[in-house]
Amino acid sequence: MAKEHSRQALQWVDNDGRGASVLFTAQRLIALEQSLRQLLPANLRQGFAVAELSGEELTLITYNTAFAAKIRQFQPRFIEQLNANGWPVTAIRIRVSAEPRPKHGTKPERLARTLDKDDLEHFDQLAQTLRPGPLADSVNKLLAHHRKPLNTK
């Protein structure tokens, strides 16, 4: 039922002159955002949205200042790559949103894996060879954390 309503809404927007303009702009901004996401490492792809492309100035919205700083580092590369892909961008403005980042339906891919028995044995051997200090404390903390589930079963 929802798909039918979506299809009807898109048909209506496509047939209306102003609606067609809005639809074209939305599709253009989505394509631009997808191009930008391909230029970023996986862990940074969900931290921004394309707000506007006005002339040759692109405006991005980020959801925190740390991400905004990281995007600023990528600005020259973004501009170069976007131009190579046919997007006439000469400047990028970055705005930090006061709103929290919108929730996405899918979780980002988990890059870490669970430690198995062999991994724990190797860390245990490492812990025995370390001198007392912060590294030894961290390895022992890691071992205690990952053995908790094994001890409760």
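The values are calculated or read from the model by the stated rules, or taken from the named source; none is laboratory data. Because the structure is a prediction, the values reported are computed rather than measured. Note that each Cβ is placed from the backbone with ideal geometry, even for glycine, and that neighbours are counted across all protein chains shown. Heads up: the accessible areas ignore ligands, DNA and RNA and are worked out on the full protein's heavy atoms, side chains in. Shrake-Rupley method; radii C 1.70, N 1.55, O 1.52, S 1.80 Å.
For residue 39 paired with residue 83, estimate the spin-label separation in nm (one decimal), with each label point 7 Å from Cα along the Cα-to-Cβ line.
1.1 nm
Near the amide H of residue 48, under 5 Å away, which other amide H atoms are found, from residues 5 or more places off or on another chain, if H is placed in the peptide plane?
none
Ordering 96, 50, 22 by how much accessible area each has at a 1.4 Å probe, largest first, what is the list?
Order by accessible area, largest first: 22, 96, 50.
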